[in-house]
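These notes concern the structure reproduced below.
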Amino acid sequence: MAAIGEQSLRWFSAERVEAEPGWTDVAALVRDYSGLLYRVAHSVLRNSAEAEDVVQDTFVRVLQHNGKLAGIVEIRPWLVRIAWNLALDRRRRIRPEQMDEAFAAGLAAGEMGVDLALAEAGRMKQVLEAIERLPGKEREALLLSAMEELSTAEIGKVLGRSESSVRSLLFRARTRLRERLGD
Amino acid sequence: MRIDRDDAVERVLRALGRAEAPGGLEARIAREVERRQRLAGPTMAGVWWRGAVSGAAAALFLVGIVMVGRHFVLRQAQVPPERSLIAGRVSPAGAAVGLVRSGGGRVPCADAGGSRVLGASVEGRDGERLEIAEAQPRQPPLTALTEEERNLVRVVRVADVKELAMLNPEVRARIEAEDAAQFQSFFAEPVYKPEKPAAAEPLEAVPGMAEPAAGPASAEPDATQPSTEPATGGNQ
């Protein structure tokens, strides 16, 4: 009986040791990239709870492809792309415009007075609405460019475009924003 | 004014790019991912052999079902030798009565069409068991009949010419018509022909008596007298 117990213990220990590398990989990814993925998802959804769910779903997907992690060369664009697609998919079910008011109010809150804060919040809300009205690819390139960790090349890999194309999209997006906000 | 617009855009983008994740986000996600990994199993790589074992078990189960079904079908196609009838005759209602030796020896089947024995049995004389079986049409047995069985079939199935002819509707109608005509001719009432009063059988003339005159009176007899009574009856 004791032999069986020892054998079982060895068996599960072997499995645990076998499982450890994959789990430690995912745990390291959670530690290193949770913040970035949260910001990426939040830029699309502007909702904290929804962005958290997106980050969690992203790592669940990573866990499902645990065996392929070793073959991925650039892990950051890969993770951002997963979170980006999940956020866009979730965006179809919610309306991020409803969250813009609270987000703009949070941006305007500070040491200024109440009247100035209200006016500033109104301006921020206008900017957010103008960003929402941009064409899809221009909006996506602009939002991803807000992430300081992502280079233009990485944004291109996330969006499936070349680096020069991303630069062109960013230029057109900013130009269109200036035109619309100047009206 | 333009600087204000650009500044507003930059502030919004900066705010989006620096959004702070809620406290404890990493820990929560790490716990959730670990929990899902435990639910999925000790190792994701160990899934393949579990699938293989499950597939093999399912294949064995299917093979077992096929074998049992095949055995059942083959058994249905064979007549159980212990319950064969030594001599049977299928009644019009579909019931067959046969004798089965209680000794359990193998006896040939009497009914070439096969009979289904439903187990009703009665003890008869000399230890013989009388079985009452319900005959139901089904497939003939796969095995060939023995010489004795063929003779039995030949004896039981007598090809009567008249019965075979009765299967033809025209012949049957003609035979029935002939039978009806024979019946009618046998039981029909006899037809009596009226006899002539005097002309049919001339009587000897009585002396002194006038001979009846042949005329309308002889052609039309008197209605008060029976037609069968001879006209000379009153004189006798």
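You will find that of A:31, A:123, A:92, A:39, the residue that is closer than 22 Å to residue B:31 by Cβ and without any contact (Cβ under 8 Å) to a residue 24 or more places away in the chain is A:31 and no other.
A count restricted to the range A:59-77 and to residues that are more than 9 Å from every other protein chain (Cβ to nearest Cβ), crowded, with 16+ Cβ neighbours inside 10 Å and not charged (D, E, K, R) stands at 2. The condition (being part of a helix (DSSP H, G or I), β-branched (Val, Ile, Thr) and over 25 Å from residue B:39 (Cβ atoms)) is satisfied by just one residue among A:73, A:44, A:62, A:54: A:44.
When residue A:34 is tested against (1) of a type outside the set (A, V, I, L, M, F, W, C); (2) touching a Lys or Arg at 6+ places or on another chain (Cβ under 8 Å); (3) closer than 18 Å to residue B:21 by Cα, exactly one condition is not met: (2). Here residue A:158 clears all of (1) out of contact with any Pro (no Cβ under 6 Å at 6 or more places or on another chain); (2) of a type outside the set (S, T, N, Q); (3) farther than 17 Å from residue B:10 by Cβ except the condition numbered (1). Out of curiosity, is residue A:154 within 10 Å of chain B (Cβ to nearest Cβ), touching a helix residue (DSSP H, G or I) at 6+ places or on another chain (Cβ under 6 Å) and among the acidic types (Asp, Glu)? Spelling it out, it is not the case that residue A:154 is within 10 Å of chain B (Cβ to nearest Cβ), touching a helix residue (DSSP H, G or I) at 6+ places or on another chain (Cβ under 6 Å) and among the acidic types (Asp, Glu). Could you tell me whether residue A:26 is out of contact with any strand residue (DSSP E or B) (no Cβ under 7 Å at 6 or more places or on another chain), at pLDDT 80 or above and assigned to a helix (DSSP H, G or I)? Taking the combined requirement at face value, the residue satisfies it.
Note on the range A:133-182: enclosed helices (runs of 4 or more DSSP H) holding 1 or more residues that are under 15 Å from the mean Cα position of the chain (by Cα) are A:136-145, A:152-159. Considering the conditions (1) farther than 18 Å from residue B:17 by Cβ; (2) facing chain B (nearest Cβ under 9 Å); (3) under 9 Å from the mean Cα position of the chain (by Cα), residue A:82 is excluded by exactly one of them, (2).
The condition (being surrounded by fewer than 19 Cβ atoms within 10 Å (Cβ to Cβ), within 14 Å of chain B (Cβ to nearest Cβ) and more than 19 Å from residue A:38 (Cα to Cα)) is satisfied by just one residue among A:148, A:138, A:129: A:129.
Of all the numbered requirements in (1) at pLDDT 80 or above; (2) at the interface with chain B (Cβ under 8 Å from one of its Cβ atoms), residue A:18 misses one, and that requirement is (1).
The values are calculated or read from the model by the stated rules, or taken from the named source; none is laboratory data. Since we're looking at a predicted model, the values are computed, not measured. Positions of Cβ are generated from backbone atoms using ideal geometry, with glycine treated the same way; all protein chains shown enter the neighbour counts.
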